[in-house]
Every structure is written in structure tokens, then in C-alpha cells.
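Structure first, then comments.
Each value in this text was obtained by applying a stated rule to the coordinates, not by laboratory testing. What you see is a predicted model; the values in this text were computed from it and never measured. All Cβ positions, glycine included, derive from the backbone under ideal geometry; neighbour counts span all protein chains shown.
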Amino acid sequence: MRIAFYAPLKPPDHPIASGDRTVARNLIAALKLAGHDVEIASRFRSYDGGDAARQRRLNEQGKRLSGRYLRRVQKGEARPELWFTYHLYHKAPDWLGPIVTKTLGIPYVIVEASYAPKQADGAWDLGHRAVADAIRHAALILEPNPADAECVLPLIASPEKLALLPPFLETAPFRAPEREGARAEMGRHLDLDPAMPWLLSVGMMREDQKLLSYRLLAKAMARIVDRSWQLVLAGAGDAEAAVRQAFAPLGERVRWAGILTPERLKQLYRAADLYLWPAVKEAYGMALLEAQAAGLPVIAGRSGGVASVIDDGSTGLLVPEGDAAAFAEAVASLLSDPDRRRAMGQAAMERARREHDIAVAATLLDGHIRRLTTL
């Protein structure tokens, strides 16, 4: 099937890495693995920070772009059989897909639709209403984050139009058995003590919930400086100075890895002993899946859909969101029990392969699409 793919927040070939870009790329790869022909329909970014006038301009621009797309199809360019939009919410609505699909009479599919009733009449009211309209129009909505379903369900005519699609990735490259070599290489690269447990956190350093998570992590780690550990932080961004300030009291306990190539990051996952992320206001966190696919147990805050990707007590530990003391206690408990860490890491790797691998997602996506197009 020929599928038009669109990601209003960030196109899959955007130069700046992020979880959104990773998910978009994974979705395209899964659709292709299932045998579908996928094209990026548009690279138009509809994100707005709360400016009503700009939202109106983006709306008008979206209408013009949808018209151009339709004219190209009418002139003989490949006609899509299905439109597939990834991640729309009030700050980044889809101004193209509903128009195109209504005009062409093809199914409109959304993956990760977020709807927040509290945004009505607020700074993003135009985008909020557009998201509601898109959800009502969709033939199928697939939610990676189970927490999103509650607010989406009242907008759709039938609950059969909504299904869960567990977050996924290609797990095989992460679980390659290279721990000793990776540990030796990363130890040299980051000047890490091989006698200490290595803790890892990966995330963009942005002035939003990412910074809140980093600050909470710093507070938690300051509570257990009597334990043996070294922490590696991988990431960068406009809030890096604030992140560094938060961790300054921990001194040489912290190593700064910066932005890593995908292969280097996989190597770092394999080298570490434990993955940490407070997950403040997190949807589900692709890095949490990457860590588990590499055999790392995870400690995270219980927010959003995080509990859907971490089996508490089996593949990691979940603590109340925003609770630095509980987070520190959980880290200390696994630092004291290397056998439990290893067992959790093995369970995490097996669960990632069994429930969150791209092959599993490709089968699910293909089944949903084929049922949709044979109705």
C-alpha cells in the first residue's frame, strides 16, 4: 500500500536528534518492513509556542500546502492510499491530513494523538480545536502511551477506532554481546573507574521537563554520595549550562558524554550497569526502551506511559514522579544488589525483544491497516 507519512512536530529527516524523530523513523521503518511504500508527504512544522496570531498563519499555510499536495496528485504524482500522521497535539496540530484525506476519500490514521481538554479557550485554542477535529475524522488512532486514551475516547464514534501500539525499536543492534569491549572502550573515553558501577542517563538538555528531570536526578544522587558510583550524562542542548550547574556539587562523580553517534550511544548502553531517568512529565521515553534493549535495568519516575515500558520489580524500578528521596532509595537498593541488577537487565532485554521489537510492531501495524482498508 502507498502511504503518505506526516509528522507535524518534527519531520523524520530533521537534522536535530530527539525522541520524536526516532519514533517517526521507526514507524516508517516498520511500515516498510510490513511491505508498504512510504513517502514523506510534507516537512511542514506546525509547532507554536503560544502565539495565537502565529497559529492562524500556520493554519493558513497548512491549507495552502494541502492544496499544493492535492494538485500534485491530480497532475499524476503517486496517489496515496492512506494518510499516516504521527504525533499531533495542541501545540502541533495536523493542518494537512484531514483536508487531503477528505478530498481524496482515503483513510486517515493517527499514531500518538494527545488531547488535553484543559487547553480549551487557552493560548493554543486553535490548535486544540484542530486536534479534536482530526481525532473525530480519523479512521484509526494508535496510541503508544496508554495514558492518552482516556481523553481521546470521548471524541471518537466507536472505541474500536482506538488501539494500543506499544513503543518499539530495532532491538537487535542494542543487544549485541559486546559488554566487556564496550566497557573497556567507554572507560578509556570517559575516564571511568572500572571498579565502580556506571550509571547512565540520556536526554536532550532543554528548558522544559528534561531540565526538571535532570535537576531531580542531581538532587537524588546528592543523597547517596556515600555509595560507590559514577554517573554518565549523554546529551546537550540550550539548557546544558543549567544542567551542569545542578550537577556541579557532585564534581568528578559525573562524566559528560555530550552528543554521541548512534553506534557510540549503543556502546555506552552496553557498558553501563544501570539506567536512570526521573521521567518528569514523560510520555514514555524511547531512551528507556533503548537501555532495556541493551540489557540495562531502569529506574524511572512513574509518569505518563512509563509504566507501560518498564515492568516494575522485573525490568526495573518505578518511583513516584518528582520524588528525589524515593529515587535515591531505589538507586541505592540496586547499587547494593549486583545480582538483582543483572537479573533485571536480562529480563529487560528479553521483554524488549518480545514486546517492543520492530518486527512485532510491523505485524501489528500491517494488521490494523489491512483491516482498515478492507472494511
Q: Rank-order 23-34, 327-338, 271-282 by packing density, defined as the average count of other C-beta atoms within 10 Å over each peptide's residues, highest first.
A: 271-282, 23-34, 327-338
(Q) If each residue of separation counts as 0.36 nm, what is the full-extension length gain between residue 59 and residue 208 once their alpha-carbon separation is subtracted? (A) 51.1 nm
Q. Which length gain, in nm to one decimal place, applies between residue 160 and residue 325 when the Cα-Cα distance is subtracted from 0.36 nm times their residue separation?
A. 55.2 nm
Q. Listed here are the pairs 75/118; 102/210; 63/118; which of them are more than 31 Å apart at the Cα?
A. 75/118; 102/210
Q) So what's Rg/Rh here for region 179-355, counting alpha carbon atoms and using the Kirkwood radius for Rh? A) 0.92
Q. What dipole magnitude, in Debye to the nearest 20, does region 179-355 give about its Cα centre under +1 on Lys/Arg Cβ and -1 on Asp/Glu Cβ?
A. 160
**Q.** Viscosity 1.306 mPa s, 10 °C: Kirkwood-radius Stokes-Einstein D of the chain over Cα pairs, µm²/s
**A.** 73
Q. Can you give the extra length, in nm with one decimal, that the chain gains between residue 241 and residue 32 once fully stretched, where that is 0.36 nm per residue apart less the Cα-Cα distance?
A. 71.2 nm
Q: Take the alpha-carbon centre of region 123-165, take the same for region 317-335, and report the distance between them in whole Å.
A: 33
Q: Output the peptides 49-56, 217-224 sorted from most to least packed, where packing is the average of other Cβ atoms within 10 Å over each peptide's residues.
A: 217-224, 49-56
Q: Please order 77, 240 by the number of other Cβ within 10 Å, starting at the fewest.
A: 77, 240
Q: Evaluate the distance, in nm, between pseudo-label points positioned 7 Å from the Cα of residue 51 and of residue 71 along their respective Cα→Cβ axes.
A: 2.7
Q) Local charge sum around residue 47 (other residues, Cβ-Cβ under 9 Å, Lys/Arg +1, Asp/Glu -1)? A) +2
Q: Run the quick spin-label model on residue 196 and residue 253: label points 7 Å from Cα toward the beta carbon, then report their separation in nm to one decimal.
A: 0.9
Q: With no solvent and one equal point scatterer placed on each C-alpha of region 219-284, evaluate the Debye formula and give log10 I(q)/I(0) for q = 0.17 Å⁻¹, two decimals.
A: -0.73
Q: Pull up all non-local amide H partners of residue 162: gap of 5 or more, or a different chain, and H-to-H distance under 5 Å with H placed in the peptide plane.
A: 141
